[in-house]
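Participant: Handing you a structure now.
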Amino acid sequence: MSYGIIMREASQHHNTLKRILILHKEGNLFNNPSLKCIVDLLLYHGCAIDYRYSASDITMPYYEGVRYLPYGPWLRRLKYVIFGNYYFKPFVFLSVLTEKIAYYKNYDLIIGIDRLGLIEASVLNKITRVPYIFISFEILFEDETSSRFKLLEKEASHNVAMWLVQDQVRAAQLQHENLLNLSKQFLLPLASAGLGMPGNDRLRDRLGIPKDKKVAIVIGSISKWAMTSQILKCVADWPDEWVLIIHARYGQTREMLSRELDNFENLLDHKIFISNAASDMVDDMGSVFAGISAGLALYQPEYGKDSNGHYLGMNLQHLGLASGKISTYLRYGIPVIINEVGLYADEARKFRFGCVVERPEQIKDCLNEIRHEEYHHAAENYYANKLDFNIYRENLWSRLQSVVDNTY
């Protein structure tokens with residue numbers, strides 16, 4: 001059986017969806033909650049998956065049923081020129097056709113993720129007539145790029161059989177930017193499946209944090225837009241019983257923060273603790289979150305027409321429910337301290353699973369409030385009732401099957 005696919009009871013029924021190609025430049029399959037759940041759903045139903053992505057230092061463990069198709073820096077640069085700068089359609093077509101001949105098999109469905117995946121999927125659709133769907137994790141805005149930059153993306157959206165985005169706010173923005181058919185949308189919050197279970201091997205213990213301390217944590221990106229340096233500057237003013245862990249998304253936290261940490265040497269391993277570990281799976285972080293009392297998630301959009309501005313400006317301004325950092329905290333019942341970006345601020349006020357601050361200096365005023373058990377239960381309840389992938393899985397599978405059934 002191809003690639004050692006895991007066969008389950010569900011796959012014994014009639015299933016026209018058997019082989020899928022996923023096109024994803026970022027290549028962070030196991031660090032993206034929704035994508036990991038979608039892959040697990042497809043494998044559960046007996047599908048075989050080819051995953052085409054740009055190789056990097058991101059961990060890609062063996063995963064039964066998934067065939068990895070990485071490409072290296074040379075092709076990554078070439079794609080950047082063809083799809084990001086030049087936009088010459090014959091070159092776009094030739095690039096995709098070459099990869100099809102060299103790497104791809106026959107598929108029942110193609111999944112294009114974000115701009116590059118969408119464009120490549122649309123070209124493959126023209127070549128093979130295989131239906132394609134579009135999953136958006138990042139929205140690129142014409143005001144921050146150019147009409148020429150967006151043209152390929154808009155044209156690639158015409159024949160999309162289905163498109164997934166996290167919430168109504170982002171759906172409205174994406175539909176406007178890409179001229180998508182609203183009847184084909186599927187709303188899927190960025191979140192894992194099921195509540196998280198705390199692990200016994202606690203990260204806080206490995207870092208030497210005394211048992212009587214309350215711990216707040218920052219996970220995910222520690223870039224400027226995540227306001228990490230601004231958070232660090234405030235830790236000295238926190239209540240004595242509170243400390244902070246910084247746990248970057250892909251590890252190497254201390255190296256990435258080396259310049260910042262020079263200013264906080266007196267707080268290291270006393271008030272600020274650095275985790276260099278990296279989790280292989282975004283849905284298996286029980287040891288990281290065991291014994292954690294608060295999760296910090298602050299966002300600061302950076303506007304501009306350079307390459308960073310494409311993703312860090314209006315895309316963050318219209319964050320909606322597209323924060324995997326916040327949903328991961330809530331999954332483990334960890335109350336959050338967040339700022340006014342996205343839908344989560346209003347949701348936190350309404351459902352009381354966290355506090356909203358205007359600036360990092362106000363974090364200290366929230367810490368002792370959200371340590372109360374009611375916030376922990378509110379976090380779990382909100383996740384279970386609003387975000388959990390399991391709420392959406394059967395409807396999503398039905399929609400995916402319909403896409404394929406209606407094509408042949």
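The values are calculated or read from the model by the stated rules, or taken from the named source; none is laboratory data. These numbers were taken from a predicted model, which means no experiment stands behind them. Cβ coordinates were reconstructed from backbone atoms using ideal geometry, including for glycine residues, and neighbour counts include every protein chain displayed. SASA here: full protein model, heavy atoms, side chains in, ligands and nucleic acids out. Shrake-Rupley method; radii C 1.70, N 1.55, O 1.52, S 1.80 Å.
Participant: On a 0 to 90° scale, report how tilted helix 393-405 is relative to the longest principal axis of the chain, with both axes built from alpha carbons and the result rounded to the nearest 10.
Facilitator: With rounding to tens, the tilt is 20 degrees.
Participant: When the convex hull of the Cα atoms of the chain is projected onto a plane and the area is averaged over all directions, what value comes out in nm²?
Facilitator: Taking the Cα atoms of the chain, their convex hull projects to 19.7 nm² on average.
Participant: Quick check for you: with a 1.4 Å probe and neighbouring chains kept, what is the accessible area per residue of the chain, in Å²?
Facilitator: 44 Å²
Participant: Please state the relative contact order of the range 44-159 as a whole percent: Cα pairs under 8 Å, 6+ residues apart?
Facilitator: 19 percent
Participant: Among the Cys residues of the chain, which have no other cysteine Cβ under 4.7 angstrom away?
Facilitator: When partners are defined as cysteine Cβ atoms under 4.7 Å apart, the chain leaves 37, 47, 234 without one.
Participant: Here is a further query. In degrees from 0 to 90, rounded to the nearest 10, what is the angle of the helix 373-382 Cα long axis to the longest principal axis of the chain?
Facilitator: With both axes taken from Cα atoms, the answer is about 10 degrees.
Participant: Which FRET efficiency value, to the nearest 0.05, do you get for residue 391 and residue 350 by plugging their Cβ-Cβ distance into 1/(1 + (r/R0)^6) with R0 = 25 Å?
Facilitator: In this case the efficiency is close to 0.85.
Participant: Say a paramagnetic label sat at a point 7 Å from the Cα of residue 260, along Cα to Cβ; which residues of the range 229-251 have their backbone N under 12 Å from it?
Facilitator: Of the residues in the range 229-251, 229-235, 245-249 have backbone N under 12 Å from the label point off residue 260.
Participant: Considering the chain as a Gaussian network with a 10 Å cut-off on Cα pairs, which listed residue, 190, 118, 69, attains the greatest mean-square fluctuation?
Facilitator: So, out of 190, 118, 69, the one fluctuating most is 69.
Participant: Let me ask you something else. Could you please report the charge total around residue 197, scoring K, R as +1 and D, E as -1 over all other residues with beta-carbon less than 11 angstrom from its beta-carbon?
Facilitator: Around residue 197, the charge tally is -1.
Participant: Ranked from the most accessible area to the least, with a 1.4 Å probe and all protein chains present, what is the order of 53, 311?
Facilitator: I get 311, 53, largest accessible area first.
Participant: Mind ordering 340-347, 162-169, 70-77, 238-245 by average Cβ neighbours within 10 Å, highest first?
Facilitator: Top to bottom by mean Cβ count within 10 Å: 162-169, 340-347, 238-245, 70-77.
Participant: Still on this model: Within the accessible area of the range 150-253, what % is carbon and sulfur when the probe is 1.4 Å and the other protein chains stay in place?
Facilitator: 50 percent
Participant: So, one more: Give me D for the range 168-264 in µm² s⁻¹, whole number, from Stokes-Einstein with Rh from the Kirkwood sum over alpha-carbon pairs, 25 °C and 0.890 mPa s.
Facilitator: Using the Kirkwood radius from Cα pairs, D works out to 144 µm²/s.
Participant: Let me ask something else. Could you compute how much accessible surface residue 228 exposes when probed at 1.4 Å, giving the result in Å² to the nearest 10?
Facilitator: Accessible area, nearest 10 Å²: 0 Å².
Participant: Just subtract the alpha-carbon distance of residue 233 and residue 67 from 0.36 nm times their residue separation and send over the number in nm, one decimal.
Facilitator: Extending this stretch completely gives an extra 55.3 nm.
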